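S.K.: Below are the structure tokens for one structure; questions will follow.
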Amino acid sequence: MFNERAAELKNIDKAVLTIIIALLGFIYTLFFCYFLSLILNDVISPQVYFSRFWEVFARRLSFNLKMIIVYSAGEEVIWRILPLGLVVVLIKKLKARRIGDLILMIAIILLSVGFALEHTTRFNIFIQGVLGLMWSYLFLKTGGYQKKFIPAALSVVLSHIIYNLIVLGNGYLFVKWFGGL
């Protein structure tokens, strides 16, 4: 499933993959939300959650930007870096690779579902759950599978920060240009 050769990347590739995962997450979020809007005949978009948020956010911009960084890093530590790092260390001690890969896949799915449920919106399994899968992949691909946890942690935290800034910036522009909902 996820072997060491497939997990190896060059340093430049890590930065590119970090940005690509953040952008793909944002594009997926937008298209998924708009697809749901069409099906449910109701507006479900990331901007909806921020339409009243921006009045307060703009007044305390530097503090809130720092909090985005802290929250993004905290979520990554809780939902990916520590648990997946522990699972990788444990499965490397197992002699049976297939069992180790199965344990890793189950851990990724459970952690992604937990990450989604932390975000208390009605469609969070399909939004944050998928993002959790993407960031788990990024963590393992950028060094987590080889027990190079610091570069992997930096990649996944940076990707999460970029994603959050894009979503929040998109919400700000939506409110500014269209007057919100």
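S.K.: Looking at the stretch 87-96, which of its residues are surrounded by fewer than 15 Cβ atoms within 10 Å (Cβ to Cβ) and in contact (Cβ under 8 Å) with a residue 40 or more places away in the chain? Give the derivation first.
M.R.: Residues of the stretch 87-96 that are surrounded by fewer than 15 Cβ atoms within 10 Å (Cβ to Cβ), as a first pass: 89-90, 92-96.
Result: Val89, Lys92.
S.K.: Just to be sure, is Glu75 acidic (Asp, Glu) and under 21 Å from Gly143 (Cβ atoms)? Talk me through it step by step, then tell me what you get.
M.R.: Working: acidic (Asp, Glu): yes; under 21 Å from Gly143 (Cβ atoms): yes.
So Glu75 passes the test.
Just so you know, all these numbers are worked out from the coordinates, no wet-lab data involved. Keep in mind the model is a prediction, meaning the values are calculated, not measured. With ideal geometry, Cβ positions are generated from the backbone for all residues, glycine too; neighbour counts draw on all protein chains shown.
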